[in-house]
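Student: I'd like to ask some things about the structure below.
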Amino acid sequence: MSTTTRPGTPAAAPADRARQRLRELAFTSAEEMPEGAELPVVGELPAWLRGQLLRNGPGRWDFGGTAVHHWFDGMSLLHSFEVDAGRVTYRNRFVESKAYTAFRDTGKLKYSEFASDPCRTRFQRIQSMFQPQVTDNPAINAFKFGEHYMALSETPMAYEFDPSTLETLGVLYENPDMFATAHPHESPEGHMLNLAGKFGPRSTQTFFSMDPATLEAKRIGGVRRQRPTYQHSFGMTDRWLILTEFPFSVNPVDILRTGRPFIENFKWQPEAGTRIVLIDRRTGERGGEWEAEPGFCFHHVNAWEEGDDVVLDLCRFDDPSIVENLALAQLRAGADYPEDGNAYLHRYRLRPGAPRAQETRLSDAPIELPRINYRRHNGRAYRYVYGVGSGADVPFDRLVKIDAMWGAVREWREPDALVGEPVFVATPGGAAEDDGVLLSLVLDGRAERSMLLVLDAADLSELARATISRAVPPGFHGNFVRAK
Ligand SMILES: [Fe+2]
């Protein structure tokens with residue numbers, strides 16, 4: 001990327017140059033580092049912190065001069081931080097999906113991604129209407145599921161990998177329907193709960209559960225819609241699965257007819273409002289529907305029951321313009337991020353018999369990529385949410401903790417840092433909800449290197465940082481697997 005100044009234009013201020021450099025580092029295609037390297041650690045890691053932080057996200061957007069169009073469309077790069085006795089070993093490796101190997105070997109995009117499509121001849125376009133080449137690039141999340149380690153995205157399948165080498169083992173399972181979210185929940189029985197979409201003349205959004213032993217999917221229940229909405233995550237309480245339908249919807253015929261990438265067929269229709277639907281986790285029966293103000297969300301935070309009411313928290317944008325704001329060219333060019341382009345912690349109260357949800361913004365601090373003390377508080381009342389925050393026009397420049405009860409906000413920030421999702425790991429036997437650490441993959445723009453940052457979750461003070469020898473793309477989501 002060139003930063004040459006044109007004659008007659010003022011030279012960029014140092015702060016702008018630093019921000020531009022940070023963007024270059026964050027969105028440059030990475031070379032993989034499959035050999036584990038021990039990282040120098042500054043500070044002290046808690047002695048109880050033993051296990052593996054697995055992360056996933058786009059790591060390569062270009063091959064042979066061809067680039068995808070969107071941050072989300074980069075090829076899945078898995079990261080592993082093995083933590084033991086205060087030491088950290090890091091490696092990363094690309095998932096060898098068909099989409100990745102075809103892109104790598106030919107320098108051409110062969111599969112339809114979220115916001116990028118291969119160039120096709122008219123004949124190929126007609127052919128693809130009958131045999132859509134949907135991507136298998138699993139670039140959003142990484143989990144341990146039963147005895148399996150898997151990478152997944154909103155693709156028709158999940159990939160399994162070897163946690164010690166990050167080598168790709170193959171497709172682990174196929175979804176019951178074409179698209180499923182990359183944010184499944186875990187039921188108290190240890191089953192995976194997820195939401196799958198089938199698009200066609202009779203489109204459906206259906207919750208399903210999967211037994212980790214058999215990998216068999218069982219349908220629970222859902223809705224049928226003429227214009228299905230974009231779904232990235234969902235909420236759950238002990239009894240209910242929660243489908244939040246923001247008015248960013250698609251006529252499925254358009255996906256086949258227009259030849260445009262998947263997400264570009266979705267339309268913002270605020271006049272349709274938002275609909276929140278409860279589905280009984282055990283019976284699949286519908287428990288009610290509520291209307292709400294239009295908006296958009298990627299990530300639900302938590303939900304629980306209070307008597308007959310259901311309370312739902314999520315990170316809400318005013319509209320879906322975030323999808324365009326994360327186009328690769330815009331990010332790489334260091335374009336200003338719109339001030340109103342952030343998500344905020346938003347609460348919905350669903351009362352039986354009321355047609356509309358009660359809505360409240362809980363904090364004026366922007367927050368995205370939210371995490372909670374999941375083991376103890378998912379599906380139950382909670383107090384603390386951790387996430388990435390944003391400055392006036394700089395996205396993801398700080399880590400934040402919001403007290404959802406009182407609205408207090410704590411921050412960790414450093415000049416020229418680009419932060420990743422903070423994963424909460426509880427102190428074994430800890431009494432308080434926030435007794436634990438946050439693990440975040442942070443790009444230090446001044447050092448031009450990435451690091452594993454370890455914060456005390458109570459006050460966001462820094463405990464340690466383990467620095468990688470180079471900058472790596474920050475990615476989206478991950479999880480910590482405790483050592484046995
Ligand atoms: Fe996500």
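The values are calculated or read from the model by the stated rules, or taken from the named source; none is laboratory data. Note that the coordinates shown come from a computational prediction; the quantities given were computed from them, not determined experimentally. Every residue, glycine as well, gets a Cβ built from its backbone with ideal geometry; the counts of neighbours run over all protein chains shown. These area figures cover heavy atoms from the full protein model, side chains too; ligands, DNA and RNA do not enter into them. Shrake-Rupley method; radii C 1.70, N 1.55, O 1.52, S 1.80 Å.
Student: Residues of the stretch 135-150 being more than 13 Å from the ligand (Cβ to nearest atom), in a loop (DSSP other than H, G, I, E, B) and among the hydrophobic types (A, V, I, L, M, F, W, C), which ones?
Tutor: Selection gives nothing.
Student: For Gln330, only one of the following conditions fails: (1) under 16 Å from Ser363 (Cβ atoms); (2) surrounded by fewer than 21 Cβ atoms within 10 Å (Cβ to Cβ). What is its number?
Tutor: Among (1) under 16 Å from Ser363 (Cβ atoms); (2) surrounded by fewer than 21 Cβ atoms within 10 Å (Cβ to Cβ), Gln330 violates only (1).
Student: Answer with yes or no whether Pro212 is within 16 Å of the ligand (Cβ to nearest atom) and open to solvent by less than 50 Å² (accessible area, probe 1.4 Å).
Tutor: no
Student: Here's a follow-up. If Gly353 meets every condition in (1) outside any strand (DSSP E or B); (2) buried (at least 18 other Cβ atoms within 10 Å of the Cβ); (3) away from the ligand (no atom under 16 Å from the Cβ) apart from one, which number is that one?
Tutor: (2) is the only condition that Gly353 fails.
Student: I need the strands (runs of 3 or more DSSP E) fully contained in the stretch 407-480, keeping only those with at least 3 residues that are away from the ligand (no atom under 16 Å from the Cβ) and open to solvent by less than 10 Å² (accessible area, probe 1.4 Å).
Tutor: Counting at least 3 such residues, we get 436-444, 449-456.
Student: Now a separate question. Which of (1) crowded, with 22+ Cβ neighbours inside 10 Å; (2) closer than 23 Å to Ala142 by Cα; (3) hydrophobic (A, V, I, L, M, F, W, C) is the odd one out, the single condition Phe248 does not satisfy?
Tutor: Failing condition for Phe248: (2).
Student: Output the residues belonging to the stretch 178-203 that are more than 16 Å from the ligand (Cβ to nearest atom), open to solvent by 10 Å² or more (accessible area, probe 1.4 Å) and in a loop (DSSP other than H, G, I, E, B).
Tutor: Passing the criteria: Met178, Pro188, Glu189, Gly190, His191, Phe199, Gly200, Pro201, Arg202.
Student: Follow-up. Under the condition of being modelled with pLDDT under 95 and among the aliphatic types (A, V, I, L, M), which residue from the stretch 218-277 is nearest to the ligand (Cβ to nearest atom)?
Tutor: Ile263
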